[in-house]
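Data first, discussion second: the structure below is written as structure tokens.
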Amino acid sequence: HTGSQPHAGARTGEREQRVLDRIDRARRRKPRITDERITLAHGAGGKATATLIRAMFLDAFANPALERLDDAATVEAGAGRLAMTTDSFVVSPLFFPGGDIGDLAVNGTVNDVAASGARPLYLSAGFILEEGMLTSELARITDSMARAADDAGVQIVTGDTKVVQRGKGDGCYINTAGVGVVEHDLVLGADQARPGDAVLVSGPVGDHGVTVMLARGELGIESDVVSDTAPLNGLVEALMGACRGVRCLRDATRGGMATVLNEIADASEAAVVVDEKRVPVRDEVRGAAEILGIDPMYMACEGRLVAVVDGAEADAALAAMRAHPLGRGAEVVGTVAADPPSLVLLKTEFGGTRIVDVMIGDPLPRIC
């Protein structure tokens, strides 16, 4: 009798709910390290990185500022507030179309401070140099850093230099720290997204990841795409000046836009729903991504801002972004919803919907 059989739609709904329940249970488990040794995946910005941070570093250094896991920590300093961040750059090759490890180090640090809503002021620069590195290459890098700092309106005020034996350092690694001042009373963070908010990205995604991968010359692919490395503090200032309803700002570096959106969904316990047709991707990047078998949403950017703003101010936010040179390609790519909590959903060009999970492996190592 047909009346005794569950409706096909009901069975599908039950299966979907079971899947969502399993995902929720897995995410709520206390992270723990099961690997005996560190792998490249632990530095890729995906699940392995998150597990390493939560199980190892958060457990050891627990404090309220660190536990937010924002791009920069906001701390009290006298009567004011400061934002502080640190980063290390190990990109290979050192020089690539559109930039090099030097301007990447400055821009990446400036952007982490700016994404906290602060005005970047000062940077440190620590160099780990390999014996045998050409001094002419180091001069190119430092010149690039000086120009990038000048463009961003910051100063490099302290630093350190170490040299390691030949074959132990891959040319040059750079570690930076950045400090900025918070000049507003807004509370920004990945945990501030609310249902009804709009999600914006400032321009095409994946440029940097594809540029660095092709610059290695291992794939034999030629392309005109260049890195998007750039300081975002001016764009952030323009956006926050035009829109009081800014909830969260992130620069999409390791793990790309997909990882940033997962961090926001998880911290806010909300759903982020993205329209695939509205995600800006250059044709050259899309073609290279197809050859590499990588979704452009997981590819690193170094000059792209992801913003979550009050849905009522989405148009104002988009106009402010597009009025700035670094935001001319900005798009509203999605919205925040209540359900299913802590998940990123992609409405595909074919009319379906799929979950966009956090990256597991390391498809593009050594890109920042």
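Below 8 Å between Cα atoms, with a sequence gap of 6+, how large is the relative contact order for region 122-280 in percent?
On the way: 160 pairs, mean separation 43.9, N = 159.
Relative contact order for region 122-280 comes out at 28 percent.
Taking just the C-alpha trace of region 55-102, give me its Rg and Dmax in Å.
Computed over the Cα atoms of region 55-102, radius of gyration and Dmax are 15.8, 44 Å.
With both bridge residues required to lie in the chain, what share of the DSSP beta bridges run antiparallel, to the nearest 5%?
80 percent
Determine ³J(HN,Hα), in whole Hz, for all residues of region 115-121 in sequence, where each value follows from phi through the Karplus function 6.51 cos²θ - 1.76 cosθ + 1.60 and θ = phi - 60°; x replaces Gly and Pro.
Result, rounded to whole Hz: 5, 7, x, 9, 8, x, 10.
Using alpha-carbon positions, what is the distance between the centroids of region 140-186 and region 316-357, in Å?
The distance from the Cα centre of region 140-186 to that of region 316-357 comes to 32 Å.
Please report, in whole Å³, the volume per residue of the convex hull around the C-alpha atoms of region 59-137.
Numbers: hull volume 11.9 nm³, N = 79.
Output value, Cα hull per residue: 151 Å³.
Once the other residues with Cβ under 11 Å from the Cβ of L261 are scored (Lys, Arg +1; Asp, Glu -1), what is the net sum?
On the way: positive: R250; negative: E263, D266, D357.
Net of charged neighbours comes to -2.
Taking the alpha carbon gyration tensor of region 293-368, what are the square roots of 5 times its eigenvalues, largest first, to the nearest whole Å? Walk me through the numbers on the way to the answer.
Values: eigenvalues 114, 82, 27 Å².
Each semi-axis is the square root of five times an eigenvalue, giving 24, 20, 12 Å.
What order do you get for 227-237, 132-142, 287-297 when each peptide is scored by the mean count of other beta carbon atoms within 10 Å, highest first?
Numbers: 227-237: 23.9, 132-142: 13.7, 287-297: 17.7.
Per-residue mean Cβ counts within 10 Å order the peptides as 227-237, 287-297, 132-142.
Can you work out ³J(HN,Hα) from phi for every residue in region 122-133, in order, using Karplus 6.51 cos²θ - 1.76 cosθ + 1.60 and θ = phi - 60°, giving whole Hz and x for Gly and Pro?
Here the 3J(HN,Hα) series is 9, 10, 10, 9, x, 10, 10, 9, 8, 3, x, 4 Hz.
Within region 241-330, list the trypsin sites (Lys or Arg not before Pro) lying in a DSSP loop whose Cβ has at most 12 other Cβ atoms in a 10 Å radius.
Numbers: sites: R244, R247, R250, R254, K277, R278, R282, R286, R304, R322, R328; in loops: R244, R254, R282, R304, R328.
Taking region 241-330 and a limit of 12 other Cβ atoms within 10 Å, the loop trypsin sites (Lys or Arg not before Pro) found are R244, R328.
Would you mind checking which residues have amide H under 5 Å from A337's amide H? H placed 1.01 Å from N; only 5 or more apart, or other chain.
G196, A271, V272, V273
Once Rh for region 217-257 is found with the Kirkwood sum over Cα pairs, what is the Stokes-Einstein diffusion coefficient at 37 °C and 0.692 mPa s, in µm²/s?
On the way: Rh = 13.4 Å.
Stokes-Einstein gives a translational diffusion coefficient of 245 µm²/s.
Kindly write out, for region 298-308 in residue order, the coupling ³J(HN,Hα) from the Karplus curve 6.51 cos²θ - 1.76 cosθ + 1.60 (θ = phi - 60°), rounded to whole Hz, with x marking Gly and Pro.
9, 7, 5, 10, 10, x, 10, 9, 9, 10, 10
Quote the charge dipole size of region 187-265 about the Cα centre in Debye, to the nearest 20; the model charges only the Cβ of Lys and Arg (+1) and of Asp and Glu (-1). Show your work: numbers first, answer last.
Details: 6 positive and 10 negative charges, 74 e Å.
With only Lys, Arg, Asp and Glu charged at Cβ, the dipole is about 360 debye.
Dipole of the chain, Cα-centred, from +1 at each Lys and Arg C-beta and -1 at each Asp and Glu C-beta, to the nearest 20 debye? Working shown, then result.
Working: 37 positive and 52 negative charges, 202 e Å.
In total the dipole reaches around 980 debye.
Does anyone have the angle between helix 256-268 and the longest principal axis of the chain? Alpha-carbon axes, 0 to 90°, nearest 10?
Rounded to the nearest ten degrees, it is 60.
Using a 1.4 Å probe, what is the accessible area per residue for the chain, in Å²? Show your work: numbers first, answer last.
Working: 18090 Å² over 368 residues.
Accessible area per residue, the chain: 49 Å².
Can you give me the relative contact order of region 230-323 as a percent, contacts being Cα pairs under 8 Å and 6 or more apart? Intermediate values should be presented prior to the final figure.
Details: 94 pairs, mean separation 49.4, N = 94.
Worked out over region 230-323, it gives 53 percent.
Once every Cα of region 221-368 carries one equal point scatterer and solvent is ignored, give the base-10 log of I(q)/I(0) from the Debye formula at q = 0.13, 0.14, 0.19 Å⁻¹, two decimals.
-0.60, -0.70, -1.31
How large a share of the accessible area of region 258-367, in percent, is made up of carbon and sulfur atoms when the probe is 1.4 Å and the other protein chains stay in place?
On the way: 2370 of 4650 Å².
Of the solvent-accessible surface of region 258-367, carbon and sulfur hold 51 percent.
Keeping all protein chains in the complex and leaving out DNA, RNA and ligands, what accessible area do you get for E76 with a 1.4 Å probe, in Å² to the nearest 10?
Accessible area of E76: about 140 Å².
Using alpha-carbon positions, what is the distance between the centroids of region 35-110 and region 267-290, in Å?
Centre-to-centre (Cα) distance: 23 Å.
Rounding to the nearest 10 and keeping the result within 0 to 90°, find how far the Cα-based axis of helix 135-152 lies from the longest principal axis of the chain.
Computed tilt is about 60 degrees.
Using the Kirkwood formula over every pair of different C-alpha atoms, what hydrodynamic radius in Å results for the chain?
Working: mean 1/r = 0.0467 Å⁻¹.
Its Kirkwood hydrodynamic radius stands at 21.4 Å.
The values are calculated or read from the model by the stated rules, or taken from the named source; none is laboratory data. No experiment lies behind these values; they were computed from the predicted model shown. We place every Cβ from the backbone using ideal geometry, glycine too, and count neighbours over all the protein chains shown. The protein model used for the area step is the full one, side chains on, heavy atoms only, and it has no ligands, DNA or RNA in it. Shrake-Rupley method; radii C 1.70, N 1.55, O 1.52, S 1.80 Å.
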